[in-house]
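Comments concern the structure below.
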2 protein chains.
Amino acid sequence: MVNVGIIGVGLVGSELINQLTAQISRRSLPLPLKIVALANSKVQLLSNTNYDAIDLDGWKKRLISHGVSTDLSAFTTYLAKSPDVAVVVDNTSNQDVVDFYPEFIKAGLHIVTPNKKAFSGDLGFYKKIVDLAREKKVLIYHESTVGAGLPVINTLKDLVGTGDEIVKIEGIFSGTLSYLFNSFSPTEETAGDTKTFSDIVRIAKENGYTEPDPRDDLNGVDVARKVVILGRLAGIDLSLDTLPVENMVPEPLRAVASADEFLTKLPDCDDHFDQLKKAAQNNNKVLRYVGAVDPVNGKSSVSLLSLSTSHPFASLKGSDNIIAFTTKRFPNPLIIQGAGAGAAVTAFGIFSDLIKIAERTSS
Amino acid sequence: MVNVGIIGVGLVGSELINQLTAQISRRSLPLPLKIVALANSKVQLLSNTNYDAIDLDGWKKRLISHGVSTDLSAFTTYLAKSPDVAVVVDNTSNQDVVDFYPEFIKAGLHIVTPNKKAFSGDLGFYKKIVDLAREKKVLIYHESTVGAGLPVINTLKDLVGTGDEIVKIEGIFSGTLSYLFNSFSPTEETAGDTKTFSDIVRIAKENGYTEPDPRDDLNGVDVARKVVILGRLAGIDLSLDTLPVENMVPEPLRAVASADEFLTKLPDCDDHFDQLKKAAQNNNKVLRYVGAVDPVNGKSSVSLLSLSTSHPFASLKGSDNIIAFTTKRFPNPLIIQGAGAGAAVTAFGIFSDLIKIAERTSS
């Protein structure tokens, strides 16, 4: 039996609870797991000293009515005293939860998370938690930090662990930017349907495909975090401070105060994006925003590239991600593609990691 | 520490030993593994009662000079007495090793294998070993049975284990047939380079890309085995006896005695294949040999299909495999592609499974 404590019960956390309860009610869980602690940024709910499963029927109301003020120290102590293996699931994107990881690990708690900050932030902190986890025999699984539930992190760990040589990792790592450029610069243009870049950004924002301020997608920082995560797993000490990242927010719009003002002024920059697109088109190419880990030449980067229409990244659909691993054993790359964003597939990756922890601690 | 006994030391087994020794000598093995037993169909070499690692420098000569007649009972008993976790790696494609799986499991030995026979053969036997393994808490990992080291089996287990609904699994599961049809029916024909089907088969055979008798590829049985394996993991009781499989060996050539005679007579059938190809071309399509698991409509099959040139399977390169999982969470499919045959990538899949067993038994 594995006791699970969940921090963060928004979209992804709620979906994870739904997926877990569905498998439990179908009696289809490969290995037994139960939720014994729930927390959001304000309140937390810990089960009793028998570590009975929290009744998940109506958990949202009970968290509010029975919860006490969130206190991650108390949350940690409670899970650490569990007679069974215990796992913390961090569904937030908050640095203050990440700051607590060393305490989780010291208490013997395994960690599963889609939160990119621990793995893409300060390099010293990253190495500290990796070393601490090894020392304490604690597992930290974070499949959903890159490509949501697509098997990206696991595949890279398998390649590295078995001694393959990573020649290059390239990918389209942002569902939002995938959507924006697949729409703006398609492989085959439909006559009469040529929207401007600002049109596409506005529509994407209206449909909830972007961050509240689309500049948080267009600045490339989210993609950079994913490149840093993969680079570190591939054995190179990448850092957000030094990785070259092409910021696609036009210079004059970076200092603009609000998202609304940004969207109002973005049409002024449509010519710029249109010229890039036309230049690509004239060479039978399309625009794609690509992250690359390059251990051989030390040229890891995040940038807007012009790719041939026959390139595997060119024909991507919708908001799919794609990741290509070129290695000594896979000179023709191993490619993984599919939905890389959204609550269902992110929760799927977290849930898969939880089952792996249960497997790896139950023999 | 995990003690490993290897059965089958041909191309794949030798490559696995090379990959393992390279990681050991680099001190880069994520978790400790050592080889304590080796066997081929004739002789076996067991280490001492301390279960010291076999010295792998010159193991081929030592297996011959110090080996005794292969006796899988003695092999099993030796590994079962290991004070540490022990794993049998079956690198053969032999039914007689598979017949021994129940003995391995009863002895508490974990199993890793690229051998498809246990998972695609008799359904009763398959269910028996799955149940026995659950009862004995023994792990059976077989990533390399489908798509070699591509993360196909693991991904499917994750999808099923977390409660996703499998709508369809489709793929090009044979490196040989991928190569034959990618060459014969490309998305863009190069003028003046239109080889006949029999030319392409002959060249593939000369380059060692086919089985000694190419009919063993063209009959579709190998692809059918992979479809059966995936179908059973997806929860449907497929069987080689009942799965509809399109045999691409022309009827008159099935009874021909030798591979040589088959190759000599194959040009008589070039018109047949050429007509199929031209009919596809006229509709802007290409020919691809596709295996499909179809839990929803019960129409699983293996067949030669005409696919649009924009289909993800159409633009496959060389001898790559491709697998597309369409599920409730991935309505736009999760796609994995890359080399699905060859010793290096097959051994990679086996090695990854070994590391997972080490992880899952060492906490």
Original post:
If a residue has to be in a helix (DSSP H, G or I), of a type in the set (Gly, Ala, Ser) and touching an Asp or Glu at 6+ places or on another chain (Cβ under 8 Å) to count, how many in region B:164-214 make the cut?
Top reply: 3
Subject >> Qualifying positions in region A:156-174 - more than 11 Å from every other protein chain (Cβ to nearest Cβ) and under 19 Å from the mean Cα position of the chain (by Cα) >> reply: A:Ile169, A:Glu170, A:Gly171, A:Ile172, A:Phe173, A:Ser174
Original post:
Which of the residues spanning region B:139-151 are touching an Asp or Glu at 6+ places or on another chain (Cβ under 7 Å) and more than 8 Å from chain A (Cβ to nearest Cβ)?
Top reply: B:Tyr141, B:Glu143
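Please work out if B:Gly231 is small (Gly, Ala, Ser), surrounded by 15 or more Cβ atoms within 10 Å (Cβ to Cβ) and within 30 Å of B:Ser300 (Cβ to Cβ).
yes
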**OP:** Filter region A:315-332 down to the residues that are surrounded by fewer than 21 Cβ atoms within 10 Å (Cβ to Cβ) and modelled with pLDDT of 95 or more, then identify the one that is nearest to the other protein chains (Cβ to nearest Cβ).
**Re:** A:Asn332
Subject >> Hits in region A:82-105 - residues which are within 18 Å of the chain's Cα centre (by Cα), closer than 17 Å to A:Leu33 by Cβ and of a type outside the set (S, T, N, Q) >> reply: A:Val88, A:Val89, A:Asp90
Original post:
Inside region A:334-344, can you point out the residues that are more than 8 Å from chain B (Cβ to nearest Cβ) and surrounded by fewer than 24 Cβ atoms within 10 Å (Cβ to Cβ)?
Top reply: A:Ala341, A:Gly342, A:Ala343
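Within region A:270-290, does at least one residue satisfy the condition of being within 25 Å of B:Thr155 (Cα to Cα), away from chain B (no Cβ under 14 Å) and at pLDDT 95 or above?
yes
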Original post:
In region B:162-215, which residues are β-branched (Val, Ile, Thr) and touching a Leu at 6+ places or on another chain (Cβ under 7 Å)?
Top reply: B:Ile166, B:Ile169, B:Ile172, B:Ile200, B:Val201
Original post:
What pairs can you find where one residue is in region B:245-271 and under 10 Å from B:Asp213 (Cβ atoms), the other is among the acidic types (Asp, Glu) and modelled with pLDDT under 95, and their Cβ atoms are less than 9 Å apart, with a gap of 6+ or different chains?
Top reply: B:Ala259/B:Glu211
Original post:
So B:Ala347 fits all but one of (1) part of a helix (DSSP H, G or I); (2) within 12 Å of chain A (Cβ to nearest Cβ); (3) touching a Pro at 6+ places or on another chain (Cβ under 7 Å); what number is the exception?
Top reply: (3)
Subject >> Residue list for region B:140-163, restricted to those being in contact (Cβ under 8 Å) with a residue 40 or more places away in the chain, touching a Phe, Trp or Tyr at 6+ places or on another chain (Cβ under 8 Å), surrounded by 24 or more Cβ atoms within 10 Å (Cβ to Cβ) and assigned to a loop (DSSP other than H, G, I, E, B) >> reply: B:Val146, B:Gly147, B:Ala148, B:Gly149
**OP:** Within region B:187-209, count every residue that is within 14 Å of chain A (Cβ to nearest Cβ) and buried (at least 19 other Cβ atoms within 10 Å of the Cβ).
**Re:** 0
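Yes or no, residue by residue, for (1) under 25 Å from B:Lys137 (Cβ atoms); (2) surrounded by 21 or more Cβ atoms within 10 Å (Cβ to Cβ); (3) within 20 Å of the chain's Cα centre (by Cα):
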position: A:Val2; (1), (2), (3): yes, yes, no
position: A:Ser14; (1), (2), (3): no, no, yes
position: A:Gln23; (1), (2), (3): yes, no, no
position: A:Ser28; (1), (2), (3): yes, no, no
position: A:Ala37; (1), (2), (3): no, yes, no
position: A:Ser47; (1), (2), (3): no, no, no
position: A:Tyr51; (1), (2), (3): yes, no, no
position: A:Ile54; (1), (2), (3): no, yes, no
Original post:
When only residues in region B:1-52 that are among the small types (Gly, Ala, Ser) and within 20 Å of A:Leu159 (Cβ to Cβ) count, which is modelled with the highest pLDDT?
Top reply: B:Ala22
Original post:
If the Cβ limit is 7 Å and pairs must be 6+ apart or interchain, which residue in region A:84-101 that is within 17 Å of A:Phe125 (Cβ to Cβ) pairs with which residue that is of a type in the set (D, E, K, R) and surrounded by 15 or more Cβ atoms within 10 Å (Cβ to Cβ)?
Top reply: A:Ser93/A:Lys117; A:Gln95/A:Lys117; A:Val97/A:Asp90; A:Val98/A:Lys117
Subject >> Test set (1) in contact with a Leu (Cβ under 9 Å, 6 or more places away or on another chain); (2) without any contact (Cβ under 8 Å) to a residue 12 or more places away in the chain - A:Gly124 fails condition number >> reply: (1)
Original post:
Just for region A:301-314: of the residues that are hydroxyl-bearing (Ser, Thr, Tyr) and part of a loop (DSSP other than H, G, I, E, B), which one is farthest from the other protein chains (Cβ to nearest Cβ)?
Top reply: A:Thr309
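The values are calculated or read from the model by the stated rules, or taken from the named source; none is laboratory data. On a predicted model such as this, the values are computed, not experimentally measured, just so you know. In this analysis, Cβ positions are derived from the backbone assuming ideal geometry, glycine residues included, and neighbour counts consider all displayed protein chains.
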